[in-house]
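Just below is one structure, and these are the notes that go with it.
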Amino acid sequence: MKPSTRQPAGYFFDDYAIGQTFAHAVPRTITSGDSALYQALIGARNPLHCSEPFAQSLGYPSVPVDDLLVFHIAFGKTVPDISYNAVANLGYADCRFIKPVFIGDTLHATTKIIGLKANSNGKTGVVYVRSDCFNQRDELVLTWARWVMVHRQADASLPPASLLRNTSTGLPVEASPLPIFDEFVAPAQLESAIQFQFSTADSGVVERATGGTLFFDDVALDQPIKHPAGMTIDETDHTLATKLYQNTARVHFDSHHMENSRFGRRLIYGGQIISICRSLAFDGLENALTVAAINGGSHTNPTFAGDTLYAVSTPRMKWPLNANVGALRLQLDGYKNCDPNLAEFVNVSADQKVLSLDLTVLMPRRSYST
């Protein structure tokens, strides 16, 4: 695959074709400083990423990098070629964390265009992509699909959306076949994700490290867990986060550019919303130690600096993977400026829900205690 030759102003919707591939520039070596800053920005307390002795007790050679930090760094690699001129990132599917990443690993990413759909307003279109992230040994560590709304070029000579044709298929872009994703990542696809995890420690070791008493065996399905804490996002945190991830999308990175948008200000990067909600979910799901998959999800409303986030997790399915660990499928919902633990939450408005995420986490089983 040849490296992409990015246009200085970034790509617009009209520049893409189904089957087009990008080898994104600037590989990134992850440092302990990256991990520490990430934990500070989202308030993460997962001991798997904080304590080397605990990580080693679970069979890891050293502390693994937080799954979502890996995702954000890989995502940031794709931004200059895919979403530099985005209106908003719309959703995710089939995101699988295949191999753990450690401090000192170097990540690089590739992306393939798998679907295109012009919007009827003639000003934007939705680009569907599949991105893959590799380490320095060219081992696949992460793969995901996403769809993003991208501006069309501001050029009156462009054909209307109904006449725009895909260079790969010759079909009108809005008639191009769009990808279909499985409902969730099947348990069999998670086997590689437990290569190191939970191989030696007993549940007593886990409980002492996490402070959590809820194990895989104890989880009740379809019973919402309303996590108690909220977290307010400010401009400084968001600016540092986008710089950490090297996410240069103008909608998140450039306040001056966004002054003339319909929002009049920057949008908080959706991945940061995911990370904060995952961090808030620690209280109540302390033993959900790793993310194995993001089955699907969407950012349902924009979030801005000054908003306070809250999270609710609802277990939907669970499967034992081996004697030590089980997979738990969760619906993680994020809300802004409305505490789900208060009585008035029953009247929460639709525009206060900012995240709907279907993910699978791995949890130790109580049944393997000594």
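The values are calculated or read from the model by the stated rules, or taken from the named source; none is laboratory data. For clarity, every value in this text was computed on a predicted model and none was experimentally measured. Note that each Cβ is placed from the backbone with ideal geometry, even for glycine, and that neighbours are counted across all protein chains shown. Note: accessible area is taken over every heavy atom of the protein model, side chains too, but ligands, DNA and RNA are not part of it. Shrake-Rupley method; radii C 1.70, N 1.55, O 1.52, S 1.80 Å.
Data table
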quantity	calculated
Base-10 log of normalised Debye intensity for the chain (one unit scatterer per alpha-carbon) at q = 0.13 Å⁻¹	-1.06
The range 46-165, relative contact order in percent, only Cα pairs under 8 angstrom and at least six apart counted	25 percent
Cα-based equivalent ellipsoid, the range 63-195: semi-axes from gyration tensor eigenvalues, Å	33, 16, 11
Principal-axis tilt of helix 235-244 within the chain, Cα atoms, nearest 10 degrees	90 degrees
Vicinal HN-Hα couplings computed from phi for the range 98-105 (Karplus, 6.51 cos²θ - 1.76 cosθ + 1.60; Hz; Gly/Pro x)	8, 9, x, 10, 10, 3, x, 6
Alpha-carbon Debye profile of the range 241-370, log10 I(q)/I(0) at 0.12 Å⁻¹	-0.55
Separation of alpha-carbon centers, the range 42-58 and the range 228-295, rounded to whole Å	22 Å
Ala186/Asp234 FRET efficiency (R0 30 Å; Cβ-Cβ; nearest 0.05)	0.15
Hull shadow area, averaged, the range 120-186 [alpha-carbon convex hull, nm²]	6.9 nm²
Heavy-atom accessible area per residue - the chain, 1.4 Å, Å²	41 Å²
Cα long-axis angle, helix 67-82 against the chain (0 to 90 degrees, to the nearest 10)	10 degrees
Hull-based mean projected area of the range 315-363, where the convex hull spans the alpha carbons, in square nanometres	4.1 nm²
Cβ-defined net charge surrounding Ile268, 13 Å radius [Lys, Arg +1; Asp, Glu -1]	-1
Carbon/sulfur fraction of accessible area - the range 59-197, other protein chains in place, 1.4 Å, %	55 percent
Enclosed volume per residue, in Å³, of the convex hull spanned by Cα atoms of the range 205-282	147 Å³
Most to least packed among 249-257, 133-141 [average Cβ atoms within 10 Å]	249-257, 133-141
Peptides ranked, highest mean first, by Cβ atoms within 10 Å: ranges 145-152, 165-172	145-152, 165-172
Ranked by how many other beta carbons lie within 10 Å on average, peptides 277-285, 222-230, 313-321, 355-363 from highest	355-363, 277-285, 313-321, 222-230
Intensity falloff of the range 1-87 expressed as log10 I(q)/I(0), Debye formula with alpha-carbon point scatterers, at q = 0.18, 0.21, 0.24 Å⁻¹	-0.84, -0.98, -1.16
